[in-house]
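Notes follow the structure.
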Amino acid sequence: MKTQWPVEDLARDARFVQVPIADVVNDPRTGGQMRGNYEQPGRLTPDDDTSPDRARQLMHGIFMGEMQALEGAGRTCFDFGDDQVPLQLKLDMARQSWDEARHVEISVKLIDHMGTDIGEFAESTFLYEAACNPDPALRLTGVNRALEGLAIDVFNTMREFGRVCTDPVLEFCEDWMLADEVTHVKMGSDWLRRLTKDDPDRLQLALEFQRTIDKLFSLGGFRSEHDDSPVSLARKFRSMAGFSEAEIEEIAQVSDEAYLDPAG
Ligand SMILES: [Fe+2]
Ligand SMILES: [Fe+2]
């Protein structure tokens, strides 16, 4: 069986339209910013007319992220020999695949609950592209720490939107998925430290990969601690997921810079 499965070969039926991240960032309609589906700035609130559509778009993005997280964690169980990663890492990825499969099912039900359908919005393939990194340390740092760290921020924001809308289905589904994501990010933090314990250069490379992704997903002020950013930084849950205070501060700073200078 083939290892290192390329993004072009993911199994998708005719409902899905895939968009590489470079096309989103370079799209002149977004002014080179990362907002993509979320052109309208501001937090989701029940009083804002644009919130229902923005929430549907965001939920569809979450669904696609869950699919790719399942595919990425599944690949990591198989892509590396026993001499490259410990068996325990593969067992963690197998457990994560189980969680992500459940999240895909929850997300499909939630997009229906929120009034949209599979394929109504384009699929950005960035998470899976990060999951194709040939170095398992970079793969786990890029996916589990940077992108699932972003998932923590997004789920926490969406859970709050469910709460203020008095929608218990949305609130509790997001809460349950958020709890799982904290464990996935923690796995990424723990394995990054274990895999690079005797290799400071590899650790620096992995952290640099993470910084690049964190910056990309902060562009245009998409995620920051400002009230009018669509997604807020979830400090408490990041700390539970193994981020040090200095690491959280660094992401807060990158996000703040992106907010204050959206053109970057
Ligand atoms: Fe997930
Ligand atoms: Fe996850």
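The values are calculated or read from the model by the stated rules, or taken from the named source; none is laboratory data. Everything numeric in this text was worked out from a predicted model, so none of it was measured. Here Cβ is always computed from backbone atoms with ideal geometry, including for glycine, and neighbour counts include all displayed protein chains.
Yes or no, residue by residue, for (1) of a type in the set (Ser, Thr, Tyr); (2) surrounded by 16 or more Cβ atoms within 10 Å (Cβ to Cβ); (3) within 24 Å of THR183 (Cβ to Cβ):
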| site | (1), (2), (3) |
| --- | --- |
| ASP214 | no, yes, yes |
| GLY221 | no, yes, no |
| SER224 | yes, yes, no |
| PRO230 | no, yes, no |
| SER239 | yes, no, yes |
| GLU245 | no, no, yes |
| ILE248 | no, yes, yes |
Report task. Confirm whether ASP92 is modelled with pLDDT under 95, in contact with a helix residue (DSSP H, G or I) (Cβ under 9 Å, 6 or more places away or on another chain) and either closer than 28 Å to ARG15 by Cα or of a type outside the set (Val, Ile, Thr) (or both). Result -> no
Report task. Please work out which one of (1) farther than 17 Å from GLN68 by Cα; (2) away from ligand 2 (no atom under 16 Å from the Cβ); (3) in contact with a Leu (Cβ under 7 Å, 6 or more places away or on another chain) is the condition ASP198 fails and give its number. Result -> (3)
Report summary line: If you go through GLU66, GLU105, GLU71, the only one that is within 14 Å of ligand 1 (Cβ to nearest atom), touching a Leu at 6+ places or on another chain (Cβ under 7 Å) and assigned to a helix (DSSP H, G or I) is GLU71
Requested in this report: Check the range 216-235 and report whether any residue there is touching a residue at least 40 places away in the same chain (Cβ under 8 Å), touching a Gly at 6+ places or on another chain (Cβ under 6 Å) and acidic (Asp, Glu).
Outcome: yes
Requested in this report: Go through the residues of the range 134-156 one by one and say whether even a single one is surrounded by fewer than 19 Cβ atoms within 10 Å (Cβ to Cβ), outside any helix (DSSP H, G or I) and in contact (Cβ under 8 Å) with a residue 40 or more places away in the chain.
Outcome: yes
Query raised in the report: If you go through the range 183-206, how many residues are in contact (Cβ under 8 Å) with a residue 60 or more places away in the chain, crowded, with 18+ Cβ neighbours inside 10 Å and away from ligand 1 (no atom under 16 Å from the Cβ)?
Result: 3
Query - So ARG163, is it part of a helix (DSSP H, G or I), surrounded by 21 or more Cβ atoms within 10 Å (Cβ to Cβ) and away from ligand 1 (no atom under 14 Å from the Cβ) - result: no
Query raised in the report: Looking only at residues in the range 114-133 that are surrounded by fewer than 19 Cβ atoms within 10 Å (Cβ to Cβ) and acidic (Asp, Glu), which one is nearest to the chain's Cα centre (by Cα)?
Result: GLU129
Requested in this report: Please identify the pairs in which a residue from the range 64-91 that is closer than 18 Å to LEU195 by Cα has its Cβ atom under 7 Å from the Cβ atom of a residue that is hydroxyl-bearing (Ser, Thr, Tyr) and part of a helix (DSSP H, G or I), counting only partners at least 6 apart or on another chain.
Outcome: ALA73/SER97; CYS77/SER97
Query raised in the report: What are the residues in the range 104-121 that are over 13 Å from VAL169 (Cα atoms) and touching a Gly at 6+ places or on another chain (Cβ under 9 Å), if any?
Result: PHE121
